[in-house]
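The block underneath contains the structure these notes are about, expressed in structure tokens.
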Amino acid sequence: MRYRSAAGRWVLLATVLGSSLAFIDSTVVNIALPTIGQELGADAAGLQWTVNGYALSLASLVLLGGSLGDRFGRKRIFLTGVTWFAAASLLCGLAPSIELLVAARILQGVGGALLTPGALAILEASFDPEDRARAIGAWSGLGGIGGALGPFLGGWLVEIGSWRWIFLINVPVAALVLWVAARHVPESRNPAAAKSFDVAGLICGAAGLGGLTYGFTAWPADGPGDPVVLASLAVGVVGLVAFVLAERRSPHPMLPLGIFRSVAFSGANAVTFLVYAANGGVFFLVVLNLQVVAGFNPLAGGLGLLPITVLMLLLSARSGALAQRVGPRIPMTAGPLVCAAALLWLSAIGTGASYPVDVLPPVILFGLGLSLLVAPLTATALGSLDDSHAGIASGVNNAVARAAGLLSVAVLPLAAGIGAGSLTDAATLAPVYHTAMLICAALMTGGGVLAWFLIPNRLTKPTPAESFCDPCAPPLLKRDPATEG
């Protein structure tokens, strides 16, 4: 893919690297969970909260991150998020106990919530409409590599040193992102956005997600009749209902409910929820199963998913361009169905599995499905609203994806029959893994069916409202016929 100016490449580099910080830390910790559990003496709930603590704060606050970017400047909030993320990563790497590690992961998620929607909103505001699909496709491919590369990177770092390095390595990468973004990324914001905070919406949304997550995570050990479990689930349901009511009544809502009048936007987020719920289970359980049940070492377990990285790098930008030509409905329907077939295949991985025969073929198929799906899904979620809502559109889509992954990690082991067993015990994990992969395949199938019925062949975008751009920042990346070739 070629860009018409060096500025375009710098913007893409900053947003991809920034997003990859959050994406990698959504998956990299999974490969280190057995080692963390042994070194810090953590039980199954502690390991789940090492994943869910990060996902909870990210999912709870990512809407706020998108809204703040629209109001106070997407570049400014992006840089703030990267700085926060780096500081929290340092705390994770130094944590002496599982309780402090979970607390640091929660802080890490706050930084991720600030930087993640900003990255996509910067792309949406910085590129000319004719170039956005390709730019978002490249971002999806390169950024998706972060999530897929996480298990490999984590396995390698655990093998050569310590699980702590999976967090400490974020600090120099964040420093590079700050340098590139400060010099080359243009500032943009929505001048019509309100300057006040939606405190009620923020509190209700966080309470809803937190209550459900804690309740489902504590359920296996404490039982469904435990008063704390019941209270947590009740708080979760009431919090989410109160969130919707608060957003309807707020004069300046964090989530303007009117944006869901767009069928394409609502459909894209419904597909996102199902697909990323499946992805959350896959990236959480596959790497665990490869180590605990199949007997792979951490590095080999991480390498098992490396083909996904390669395929997304090679194909996601092309997938974005294809969706621009034929419309998003076909790739968004076919992609999840291909992933579902791959998950049925992956569900058979058990004791003594051979990587070339049992693991590699379904992983390749899964990577092909994701490559076909991710770029059109992201472009549809952002492209169905006008440019002034780039931050909130990105925030909503990211919030849906993170909430889906969060609830998946909390609910899947329970739904698959974990009971009071341990995720690091082979006899317990093997049947749970098999059932969980079947559930994930069903979620992917549901995502493909929803896409066929809810996603239009062509997007009809509302009349765009111009975003404010800082006149002292680098210019927007507009199409220049004189330099095309």
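The values are calculated or read from the model by the stated rules, or taken from the named source; none is laboratory data. Predicted, not measured: the structure shown is a model, and the values here were computed from it. Note that we place each Cβ from the backbone using ideal geometry, even for glycine, and neighbour counts take in every protein chain shown.
Among the numbered criteria (1) at pLDDT 90 or above; (2) surrounded by fewer than 24 Cβ atoms within 10 Å (Cβ to Cβ); (3) among the hydrophobic types (A, V, I, L, M, F, W, C), which single criterion is violated by Leu299?
Failing condition for Leu299: (1).
Any chance you could count how many residues in segment 103-120 are surrounded by 24 or more Cβ atoms within 10 Å (Cβ to Cβ) and at pLDDT 75 or above? Working first, answer last.
Initially, segment 103-120 is screened for residues surrounded by 24 or more Cβ atoms within 10 Å (Cβ to Cβ), giving 105, 108-109, 111-120.
Those still in the list that are at pLDDT 75 or above too: 105, 108-109, 111-119.
Residues that pass the stated criteria total 12.
In segment 238-269, which residues are over 30 Å from Pro328 (Cα atoms) and of a type in the set (A, V, I, L, M, F, W, C)?
Val238, Leu240, Val241, Ala242, Phe243, Leu245, Ala246
Report yes if Ala264 is among the aliphatic types (A, V, I, L, M), assigned to a helix (DSSP H, G or I) and on the phi < 0 side of the Ramachandran plot, otherwise no.
Numbers: among the aliphatic types (A, V, I, L, M): yes; assigned to a helix (DSSP H, G or I): yes; on the phi < 0 side of the Ramachandran plot: yes.
For Ala264, the condition - among the aliphatic types (A, V, I, L, M), assigned to a helix (DSSP H, G or I) and on the phi < 0 side of the Ramachandran plot - is met.
Here is a yes/no grid of residues against (1) out of contact with any Ser or Thr (no Cβ under 8 Å at 6 or more places or on another chain); (2) surrounded by 24 or more Cβ atoms within 10 Å (Cβ to Cβ):
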position: Ile308; (1), (2): yes, yes
position: Leu322; (1), (2): yes, no
position: Val338; (1), (2): yes, no
position: Val359; (1), (2): yes, yes
position: Ala375; (1), (2): no, yes
position: Asp386; (1), (2): no, no
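List, please: which pairs have Cβ atoms under 6 Å, are six or more places apart or on different chains, and start with a residue in segment 79-106 that is closer than 18 Å to Leu17 by Cβ and end with one that is among the aromatic types (Phe, Trp, Tyr)?
Ser89/Phe167
Taking Gly225 and the conditions (1) within 25 Å of the chain's Cα centre (by Cα); (2) free of Cβ contacts under 8 Å to residues at least 12 places away in the same chain; (3) not in a helix (DSSP H, G or I), which numbered condition does it fall short on, given that it satisfies the others?
Of the numbered conditions (1) within 25 Å of the chain's Cα centre (by Cα); (2) free of Cβ contacts under 8 Å to residues at least 12 places away in the same chain; (3) not in a helix (DSSP H, G or I), the odd one out for Gly225 is (1).
Name the residue, out of Ala87, Ala113, that is under 19 Å from Ala182 (Cβ atoms) and part of a helix (DSSP H, G or I). It would help to see each step written out before you state the result.
Working: Ala113 fails: under 19 Å from Ala182 (Cβ atoms).
Answer to the selection: Ala87.
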